[in-house]
Amino acid sequence: MPFLSKAVSRIKPSPTVAMTGRVAALQAEGRDIIGLSAGEPDFDTPAHIREAAKAAIDAGHTRYTAVDGMASLKQAICQKFARENGLDYTPDQISVGTGGKQILFNALLASVGPGDEVIIPAPYWVSYPDIVALAGGTPVILPSRAEDGFRITPDALRRAITPQTKWLILNSPSNPSGAAYDAEQLRALCAVLLDHPQVWVLADDIYEHLCFDGFRFATPAQVEPRLRDRVLTMNGVSKAYAMTGWRIGYGAGPVELIRAMAKLQSQSTSNPSTISQHAALAALSGPQEFLQGWRDDFQARRDLVVAGLNDCPGIDCPVPQGAFYVYPSIRAMIGWRSPAGTPITDDEVFANALLDEAGVAVVFGAAFGLSPHFRISYAASTDTLTEALRRIRAFCEGCDASPRATAPSSPRRR
Ligand SMILES: Cc1ncc(COP(=O)(O)O)c(C=O)c1O
């Protein structure tokens, strides 16, 4: 009998984490690799947040806290929702976990089992389908189209819902496409859900603070109050405050679900790091003005990267509304040969050739459920991005576009 469980055999390691590990290994060998695969801001955690953590240690805040978060942090999260999203929550409707990932994990494990379906628009963040599969549920992948700005349409959503549908996961702005839904577009999706009371919404708002060109962030619980009783709004400090390593995420939703999530957490990690909770408290209740400066920086980098990629033969890069990713298409390159002669048959081959031949690490689109694309994280300095773009352009210009090695592939579906 195999030793490892069936549950663990249903999942795979995170491809983005794997690529980041591969980049580190190649760099350790002395290879000149530019890594654009990691999903984290390149800024330092602001000084006032670091100081709050140090003060917490010195004040002896080094013991266990309540399993799903300190009362003061829950209070600050309620204030954040009121201030930024116009949402009224009470502390018993809040759960704090070890990163947004644990909030998603707890929510899905607390609610999904065999026979349950979870609708996941593609391209999606790599962990959603695996967490659903670990829980024994069925991920139902709903592909979006670049022509629709990588947003699913209300009609497509309606067609994907069955009596077994338990959740719709909505991530706006999106990792990996950067696409975001405005209030009107969200309202149209919520209108479909009003007809299907068995379906809950898991809103992953982790990139809320990274919206560009004046785009106004919106979230389902805010735009459709009639859905409030079946929305879990997830957020965290990782991306907004450059705190990926501190591991604090939070969710707001119906008390019954929040209690079940706390029960799960009480039997796994217990409370998230007490010191990190104090740091998150400082992040959420301290100054917010610097976020605009970071937003401006990211927007300038987005513009640099989109323009640079659209200058590369074979690459078509839409302009995203938010996050720090672009998700260009390489449809035109399928059938070309790389400069070293590798037939580019799909986006995984493309990404591997780009790494081997040009020393630029990106993540292939199939990992996010929508091909033929690749994801670039532009959370890197302008100099690094400029050099990466120069290499990508040289790679594309060095490709042999004729004769076509294979027939063009159609978008992959999981
Ligand atoms: C869309 C999305 N959701 C959730 C997370 C989890 O963030 P964390 O666990 O670092 O808070 C990430 C991290 O990459 C993400 O991209």
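The values are calculated or read from the model by the stated rules, or taken from the named source; none is laboratory data. These numbers were taken from a predicted model, which means no experiment stands behind them. FYI the Cβ positions are ideal-geometry reconstructions off the backbone, even for glycines, and counts take in every protein chain you see.
Of everything listed in (1) in the same structural domain as residue 238 (by TED's automatic domain parsing); (2) within 21 Å of the chain's Cα centre (by Cα), the single unmet condition for residue 87 is (2). Residue pairs whose Cβ atoms lie under 6 Å apart, sitting 6 or more positions apart in sequence or on different chains, and linking a residue in segment 82-111 that is at positive phi to a partner that is within 12 Å of the ligand (Cβ to nearest atom) and of a type outside the set (Ser, Thr, Tyr), are 99/247; 99/249. Restricting attention to segment 169-188, the residues that are farther than 11 Å from residue 217 by Cα, more than 10 Å from the ligand (Cβ to nearest atom) and among the small types (Gly, Ala, Ser) add up to 4.
Part of a loop (DSSP other than H, G, I, E, B), within 16 Å of the ligand (Cβ to nearest atom) and either under 21 Å from the mean Cα position of the chain (by Cα) or surrounded by 14 or more Cβ atoms within 10 Å (Cβ to Cβ) (or both), is that true of residue 38?
On the way: part of a loop (DSSP other than H, G, I, E, B): yes; within 16 Å of the ligand (Cβ to nearest atom): yes; either under 21 Å from the mean Cα position of the chain (by Cα) or surrounded by 14 or more Cβ atoms within 10 Å (Cβ to Cβ) (or both): yes.
Yes, satisfied.
Pick out the one residue from 57, 94 that is out of contact with any Pro (no Cβ under 7 Å at 6 or more places or on another chain) and surrounded by fewer than 19 Cβ atoms within 10 Å (Cβ to Cβ). Reasoning before the result, please.
Numbers: 94 fails: surrounded by fewer than 19 Cβ atoms within 10 Å (Cβ to Cβ).
None of the others qualify; the one that does is 57.
Screening the candidates 270, 238 for the property of being in contact with a helix residue (DSSP H, G or I) (Cβ under 8 Å, 6 or more places away or on another chain), outside the structural domain of residue 319 (by TED's automatic domain parsing) and more than 21 Å from residue 86 (Cα to Cα) yields one hit, 238. Only residues that are among the basic types (Lys, Arg), touching a Leu at 6+ places or on another chain (Cβ under 6 Å) and more than 16 Å from the ligand (Cβ to nearest atom) were counted across segment 59-96, and they come to 0. Return the residues of segment 263-281 that are within 23 Å of the chain's Cα centre (by Cα), of a type in the set (Gly, Ala, Ser) and closer than 19 Å to residue 92 by Cα; say none if nothing qualifies. Across segment 263-281, the qualifying residue is only 280. Residue count for segment 97-122 under the criterion of being buried (at least 22 other Cβ atoms within 10 Å of the Cβ) and away from the ligand (no atom under 11 Å from the Cβ): the result is 9. Remark: pairs (first residue in segment 165-186, charged (D, E, K, R); second residue assigned to a strand (DSSP E or B) and within 16 Å of the ligand (Cβ to nearest atom); Cβ separation under 8 Å; 6+ apart in sequence or on different chains) = 166/118.
Filtering segment 189-217 down to residues that are within 19 Å of the chain's Cα centre (by Cα) and acidic (Asp, Glu), which residue is farthest from the ligand (Cβ to nearest atom)? Residue satisfying both the conditions and the ranking: 208. Residue 220 meets each of the listed conditions (1) crowded, with 20+ Cβ neighbours inside 10 Å; (2) away from the ligand (no atom under 16 Å from the Cβ) apart from (2).
Please work out if residue 74 is within 15 Å of residue 246 (Cβ to Cβ) and either modelled with pLDDT under 95 or in the same structural domain as residue 221 (by TED's automatic domain parsing) (or both).
no
Residues in segment 223-241 that are over 18 Å from residue 257 (Cβ atoms) and within 16 Å of the ligand (Cβ to nearest atom): 5 in all.
The C-beta contact set for segment 306-323 (first residue surrounded by 15 or more Cβ atoms within 10 Å (Cβ to Cβ), second residue among the acidic types (Asp, Glu), distance under 8 angstrom, 6+ apart or interchain) comprises 312/397; 321/213.
Test of understanding: among 369, 365, which residue is of a type outside the set (A, V, I, L, M, F, W, C) and touching a His at 6+ places or on another chain (Cβ under 8 Å)? Working first, answer last.
Values: 369 fails: touching a His at 6+ places or on another chain (Cβ under 8 Å).
One residue alone meets the criteria, 365.
Does segment 123-135 hold any residues that are closer than 17 Å to residue 244 by Cβ and either more than 9 Å from the ligand (Cβ to nearest atom) or among the small types (Gly, Ala, Ser) (or both), and which are they? Once the filter is applied, which keeps residues that are closer than 17 Å to residue 244 by Cβ and either more than 9 Å from the ligand (Cβ to nearest atom) or among the small types (Gly, Ala, Ser) (or both), segment 123-135 yields only 127.
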